[in-house]
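In what follows, a single structure is set out as structure tokens and then discussed.
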């Protein structure tokens with residue numbers, strides 16, 4: 001099986017006449033060596049010369065962000081994180097853009113970024129910020145819930161076939177459209193196709209909400225909308241994602257939704273609704289052939305102790321097996337002759353040692369201490385930035401308002417500057433909220449940190465390969481297979497990404 005190629009790009013930068021061009025050359029040399037050691041393919045470089053990182057007006061930097069949105073690479077490698085941006089809010093903003101594109105930022109000299117301790121701290125801070133911001137939302141939602149429990153409309157467009165009484169705010173059957181809903185449910189009940197149902201509804205003279213003819217794609221959500229059987233449902237959609245967007249298709253589990261039975265006039269009987277729901281579920285559950293996918297849990301982490309090359313997942317079918325058993329290995333890509341290792345053998349060794357080292361009582365205690373230390377460092381920095389952030393927010397708000405006014409008066413060419421300023425404003429408002437929360441909390445709740453670590457350990461020891469892989473990728477730095485010719489006897493050196501700020505960590509030698 002071919003290993004996925006990780007495409008990397010370099011972002012070297014120097015900012016003044018006092019720095020010679022050799023500094024970019026030196027950065028590139030270090031980045032190239034870093035990529036070789038990590039097994040990355042360096043596909044491009046975006047050097048910015050005599051440009052300060054306190055501003056994002058850097059031509060090659062912006063070209064790099066644009067190329068990231070075209071999915072042209074997977075990793076941005078910088079010599080040092082301040083080469084990417086010295087303004088931490090712009091840094092957060094652009095890293096967020098890159099993350100949405102599936103691109104991460106890595107530094108040659110600083111391995112702190114993205115360390116397990118930093119991930120835990122970020123999770124704690126997000127939880128704290130969410131707690132404070134939800135206090136306001138909770139009060140708003142309380143009023144909406146009271147309205148919902150009375151069966152009153154809480155906003156949005158009513159489902160096709162229902163309408164809202166403008167005086168009582170309660171749902172009523174819209175008899176001018178409800179017939180189409182009944183035809184749909186009768187059609188599914190009679191095992192008709194969606195095309196046939198659409199044709200029948202159109203022939204009866206019904207049209208969609210927008211006045212168009214019905215097609216097979218016009219019935220999304222009809223078969224699962226319990227308002228049609230007379231039940232009010234509220235608070236259905238899942239929470240917003242990290243970008244503040246809410247999906248119209250991603251729903252909360254039923255037990256977390258607010259359902260009030262029988263408070264709406266029913267268009268469809270409860271019995272028919274249940275029959276149709278089961279038939280729709282059967283239609284969706286069409287059998288399909290799936291190819292087995294081999295999940296190599298240590299992808300990108302295993303290196304050869306003889307030639308330094310990356311080990312990659314490798315599999316083949318055993319020709320001697322009547323069951324056509326698939327044999328899976330990690331194999332050195334340098335072809336130096338170092339032993340291959342069985343996938344199960346190596347992954348079990350690393351999982352066992354990781355559980356013993358990082359998730360032992362002593363390991364958890366040390367990680368908790370490191371997270372608390374990081375929090376105090378972050379808190380000191382954040383506290384000193386509250387007033388400057390407020391000033392920047394005020395300045396940006398004024399700029400945006402002035403530009404919008406100018407745009408309204410016919411001044412052209414301001415659209416891009418307005419969008420850029422709005423992005424910067426969003427980043428600073430988030431940073432201010434986070435800093436204000438941190439100012440109120442002197443010390444993190446250690447039981448919450450332990451809870452996160454216990455959840456990580458449960459995932460590591462679970463039967464779910466994806467959960468195992470996520471923990472291994474986060475906590476393991478490198479796994480080095482020392483020179484050997486025997487697949488049954490080899491030494492392994494494991495480097496963890498914890499206990500030392502996500503850098504070299506500690507090494508555990510293991511012999512099989």
message: Can you tell me how many residues within the stretch 180-217 are assigned to a loop (DSSP other than H, G, I, E, B) and either within 23 Å of residue 262 (Cα to Cα) or under 31 Å from the mean Cα position of the chain (by Cα) (or both)?
response: 1
query: Of the residues that make up the stretch 417-431, is at least one surrounded by 13 or more Cβ atoms within 10 Å (Cβ to Cβ) and touching a strand residue (DSSP E or B) at 6+ places or on another chain (Cβ under 7 Å)?
result: no
message: So for the stretch 397-415 (the condition being touching a residue at least 24 places away in the same chain (Cβ under 8 Å), surrounded by 14 or more Cβ atoms within 10 Å (Cβ to Cβ) and either in the same structural domain as residue 492 (by TED's automatic domain parsing) or not in a helix (DSSP H, G or I) (or both)), does at least one residue qualify?
response: no
query: For residue 328, are the conditions met, namely being assigned to a loop (DSSP other than H, G, I, E, B) and surrounded by 12 or more Cβ atoms within 10 Å (Cβ to Cβ)?
result: no
message: If I go through the stretch 334-352 residue by residue, how many of them are more than 16 Å from residue 487 (Cα to Cα) and more than 28 Å from the chain's Cα centre (by Cα)?
response: 1
The lone exception for residue 389 - which of (1) under 16 Å from residue 435 (Cβ atoms); (2) under 25 Å from the mean Cα position of the chain (by Cα); (3) buried (at least 18 other Cβ atoms within 10 Å of the Cβ) it fails: (2)
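Out of 394, 353, 343, I need the residue that is at pLDDT 90 or above and closer than 30 Å to residue 439 by Cα. Which one?
394
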Residue 491 loosely packed, with under 15 Cβ neighbours inside 10 Å, under 25 Å from residue 371 (Cβ atoms) and at pLDDT 90 or above: no
query: Residue check, residue 439 against (1) without any contact (Cβ under 8 Å) to a residue 60 or more places away in the chain; (2) surrounded by fewer than 17 Cβ atoms within 10 Å (Cβ to Cβ), all met but one. Which one?
result: (1)
message: Exactly one of these conditions fails for residue 283: (1) modelled with pLDDT under 85; (2) part of a loop (DSSP other than H, G, I, E, B). Give me its number.
response: (2)
- prompt: Mind checking whether some residue in the stretch 291-307 is at pLDDT 85 or above, assigned to a helix (DSSP H, G or I) and surrounded by 13 or more Cβ atoms within 10 Å (Cβ to Cβ)?
  reply: no
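The values are calculated or read from the model by the stated rules, or taken from the named source; none is laboratory data. Source: prediction; values computed, not measured. Backbone-built Cβ (ideal geometry, glycine too); neighbour counts: all protein chains shown.
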